[in-house]
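*Asks:* This is the structure, below, for whatever I ask next.
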Amino acid sequence: MKHADVVISGAGMVGLPLGLALAQGGLKTVIVDAAPPARALAPNFDGRVSALAYASVRMLTALGVWGGLEPHAQPIHEILVTDGAEGKPASPFSLHFDAEEIGAKALGHIAENRHIRMALHEAVARQTNLELTAPASVKSLAVEAGRATVTLAGGEEVTAALVIAADGRESRLRIEMGIGVIGWSYPQTGIVATVEHERPHNGVAYEHFLPSGPFAILPMTGNRSSLVWTEAKIKAPGLLAMDEPVFHAELARRFGSHLGETRAAGPRWSYPLAFHLAREFVRPRLALAGDCAHGIHPIAGQGLNLGLKDAAALAEVLLDAARLGRDIGALDTLKRYERWRRFDSFMLAASTDALNRLFSNDIAPLRHLRDLGLGIVDAIGPARRFFMRHAGGDIGKLPRLMKGEAA
């Protein structure tokens, strides 16, 4: 039987930085994951990219991760938001964000998920007081007075003061502990592809709102961009099944000519889109973090940032309690984390849901209303700067890690 202060189920892009923060703060931490590390780091494992807000970059810098990731991350200098329909000119109203306006070097960075994982694994390998056990799946969790015991599929047991579920949307631990979720599926599918283009993107990200859903062009390193294409669920299979010449033609029609000739490089990926929010974030000896606790529409590119803020807040709460000699797995300790994160998660989830419903249609009155809204925000400097800081994760009560400080 192993003994630790904290056991984390899930070695993903939330579980790993959370483990790093806790171990750096002095807590003996064990991370358990069902996937072999080599599989999680393989180029064909995921295919997606993530937008890292500048507050998240500060966190990764404080954890010693950013140095290994920065060469593979593309700064976002500008964001252009437009509304329109396929085959028609974009609305004359648009929203333009520029990092220089808020005195920032970048509004954020775009990085391939596999590079984020690589940098995290490299940092974990250097960290003492932190053990990654993989592949190893959690079979059961038993909560007793003063401790929790995790039993792995191979029979090994690990006891700890606290168990953290960071094992994704279909969290086995969340389900086993009977924590329900509120949620629904969207009639949309997310299609992801890497696009090579003739001209440089200059660090500009584009978000085109089309009736079927947002169509995002996110700058990557080199003359490449990640295409995040939200399409009606009934149409997505046909797009994915197109042969290369037809898909390239469809891609060029939607992508436009501002970056010159374009072609898809590598496979196409698709993901179902859904919303969910756990009814509780904590139980005695158990806390939820990341996609286990919430899943939002990718319309604002804030999914990973939301999970990283969970990790930063939970690490701060636990380390503060440990330094005061308090029980880190007690419910009154964990409730501080829940109060801090659940409302923020709900507000962002509700906002992205409302944005998707507002923009993913071609209803004339709504189209005029949203175009007017884009134009008003673009014309009002303080409002424009507020939304830029919000996109950068720099609004509200920030955990110390997101200020660039040690947890």
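*Asks:* Exactly one condition in (1) surrounded by fewer than 21 Cβ atoms within 10 Å (Cβ to Cβ); (2) within 30 Å of Val6 (Cα to Cα) is not met by Phe281; state its number.
*Replies:* The single condition Phe281 does not satisfy is (1).
*Asks:* Go through the stretch 214-232 and give me each residue that's of a type in the set (Gly, Ala, Ser), touching an Asp or Glu at 6+ places or on another chain (Cβ under 9 Å) and closer than 24 Å to Asp83 by Cβ.
*Replies:* Restricting attention to the stretch 214-232, the residues satisfying the condition of being of a type in the set (Gly, Ala, Ser) are 216, 222, 225-226, 232.
If we keep only those that are touching an Asp or Glu at 6+ places or on another chain (Cβ under 9 Å) as well, we get 216, 222, 225-226.
The answer is Ala216, Ser225, Ser226.
*Asks:* Give the number of residues within the stretch 209-247 that are over 19 Å from Ile79 (Cβ atoms) and among the aliphatic types (A, V, I, L, M).
*Replies:* Qualifying residue count, the stretch 209-247: 8.
*Asks:* So, in the stretch 198-240, exactly how many residues are within 16 Å of Phe359 (Cβ to Cβ) and charged (D, E, K, R)?
*Replies:* Looking only at that region, the number is 2.
*Asks:* Among Leu401, Leu369, which is the only one that is open to solvent by 30 Å² or more (accessible area, probe 1.4 Å), part of a helix (DSSP H, G or I) and not basic (Lys, Arg)?
*Replies:* Details: Leu401 fails: open to solvent by 30 Å² or more (accessible area, probe 1.4 Å).
Residue meeting the stated conditions: Leu369.
*Asks:* Is one or more of the residues making up the stretch 337-350 surrounded by fewer than 19 Cβ atoms within 10 Å (Cβ to Cβ) and touching a residue at least 40 places away in the same chain (Cβ under 8 Å)?
*Replies:* Within the stretch 337-350, the first condition is being surrounded by fewer than 19 Cβ atoms within 10 Å (Cβ to Cβ), and the residues that meet it are 339, 343-344, 346-347, 350.
If we keep only those that are touching a residue at least 40 places away in the same chain (Cβ under 8 Å) too, we end up with 344, 346.
Looking for residues that are surrounded by fewer than 19 Cβ atoms within 10 Å (Cβ to Cβ) and touching a residue at least 40 places away in the same chain (Cβ under 8 Å), one finds at least one in the stretch 337-350, hence yes.
*Asks:* Follow-up question, since we're still on this one. Checking Phe93 against (1) among the aromatic types (Phe, Trp, Tyr); (2) crowded, with 22+ Cβ neighbours inside 10 Å; (3) over 21 Å from the mean Cα position of the chain (by Cα), which single condition isn't satisfied?
*Replies:* (2)
The values are calculated or read from the model by the stated rules, or taken from the named source; none is laboratory data. Just so we're clear, the structure is a prediction, and the values are computed from it rather than from any experiment. With ideal geometry, Cβ positions are generated from the backbone for all residues, glycine too; neighbour counts draw on all protein chains shown. Keep in mind that these areas ignore ligands, DNA and RNA; they rest on the heavy atoms of the full protein, side chains included. Shrake-Rupley method; radii C 1.70, N 1.55, O 1.52, S 1.80 Å.
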